[in-house]
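**Student:** Pasting a structure below so you can have a look.
The values are calculated or read from the model by the stated rules, or taken from the named source; none is laboratory data. Here the structure is a predicted model, which is why all the values come from computation and not from measurement. Methodologically, a virtual Cβ is constructed for each residue, glycine included, from the backbone with ideal geometry; neighbour enumeration extends over all protein chains shown.
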Amino acid sequence: MSQVSIENIEAAIKKIDGLSEDALDKKIETYTLEQQNLVNYLLQAGLEYENEDLNMFSIYYFAIVYEAFEQGGITLKEITEDDIDNFQDPFVLALDAIYKDEDYSPMQDLIQQHHLSQFMMNEIESVDEDGESLTEETKTQLFIVSSGMIGLMQGAIVG
């Protein structure tokens, strides 16, 4: 099984954060064109939660996670609506295990990308340069969205 390494994540952060705003927009546009259904899935969550900040964070982390897969030389097939639909039931069950029993193992088994999951948990809980942290609501929503994104990307690995 192909794993994104800590080094891949660090290289992705350096690359994405090192881009100018225009270059970042172009990179995100390129990735969006490659994974339109996934991006729609991410943005739909922001609409459903009525949280514009969530969309901003989701797209930023989409770029980093996608770049981390690329840094690892891991090719992804285009994620389809069927892929998303088939992912939903096991994903909801994994979320239920977290909320009911605080058992993260079903989610870890579903996502199968330990380093990316750990990276996102650290990011969600961290404080930014200005000493700001996410609201509890946004933390929860970003955890759900990023877990789904990583799990769907894991399922789209070619080879």
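**Student:** Which of the residues spanning region 135-159 are touching a helix residue (DSSP H, G or I) at 6+ places or on another chain (Cβ under 9 Å), of a type in the set (A, V, I, L, M, F, W, C) and either touching a residue at least 60 places away in the same chain (Cβ under 8 Å) or more than 12 Å from Phe57 (Cβ to Cβ) (or both)?
**Tutor:** If the condition is that a residue be touching a helix residue (DSSP H, G or I) at 6+ places or on another chain (Cβ under 9 Å), of a type in the set (A, V, I, L, M, F, W, C) and either touching a residue at least 60 places away in the same chain (Cβ under 8 Å) or more than 12 Å from Phe57 (Cβ to Cβ) (or both), then Leu142, Ile144, Val145, Met149, Ile150, Leu152, Met153, Ala156, Ile157 are the ones that fit.
**Student:** Does Gln3 count as in a helix (DSSP H, G or I) and either of a type outside the set (Gly, Ala, Ser) or loosely packed, with under 12 Cβ neighbours inside 10 Å (or both)?
**Tutor:** No: the conditions fail for Gln3.
**Student:** Continuing with this model, one more query. Quick test for you: out of Ile16, Ile28, Ile84, Ile59, pick the one residue that is without any contact (Cβ under 8 Å) to a residue 60 or more places away in the chain, of a type in the set (A, V, I, L, M, F, W, C) and within 13 Å of Val145 (Cβ to Cβ).
**Tutor:** When all the criteria are applied, what remains is Ile59.
**Student:** Quick check on Ala11: is it among the small types (Gly, Ala, Ser), out of contact with any helix residue (DSSP H, G or I) (no Cβ under 8 Å at 6 or more places or on another chain), surrounded by fewer than 18 Cβ atoms within 10 Å (Cβ to Cβ) and in a helix (DSSP H, G or I)?
**Tutor:** No; evaluated as a whole, the condition is false for this residue.
**Student:** Among the residues that make up region 89-109, is at least one of them over 18 Å from Leu142 (Cβ atoms), surrounded by fewer than 19 Cβ atoms within 10 Å (Cβ to Cβ) and either touching a Pro at 6+ places or on another chain (Cβ under 7 Å) or touching a residue at least 24 places away in the same chain (Cβ under 8 Å) (or both)?
**Tutor:** Looking for residues that are over 18 Å from Leu142 (Cβ atoms), surrounded by fewer than 19 Cβ atoms within 10 Å (Cβ to Cβ) and either touching a Pro at 6+ places or on another chain (Cβ under 7 Å) or touching a residue at least 24 places away in the same chain (Cβ under 8 Å) (or both), one finds at least one in region 89-109, hence yes.
**Student:** If you check Gly159, Gly131, which single one turns out to be at pLDDT below 95, within 22 Å of Gln3 (Cα to Cα) and in a loop (DSSP other than H, G, I, E, B)?
**Tutor:** Gly159
**Student:** Restricting to region 29-74, and then to whatever is within 19 Å of Gln141 (Cα to Cα) and acidic (Asp, Glu), can you tell me which residue is surrounded by the most Cβ atoms within 10 Å (Cβ to Cβ)?
**Tutor:** Asp53
**Student:** Across region 62-81, what is the number of residues that are more than 16 Å from Ile144 (Cβ to Cβ) and in a helix (DSSP H, G or I)?
**Tutor:** Qualifying residue count for the region: 9.
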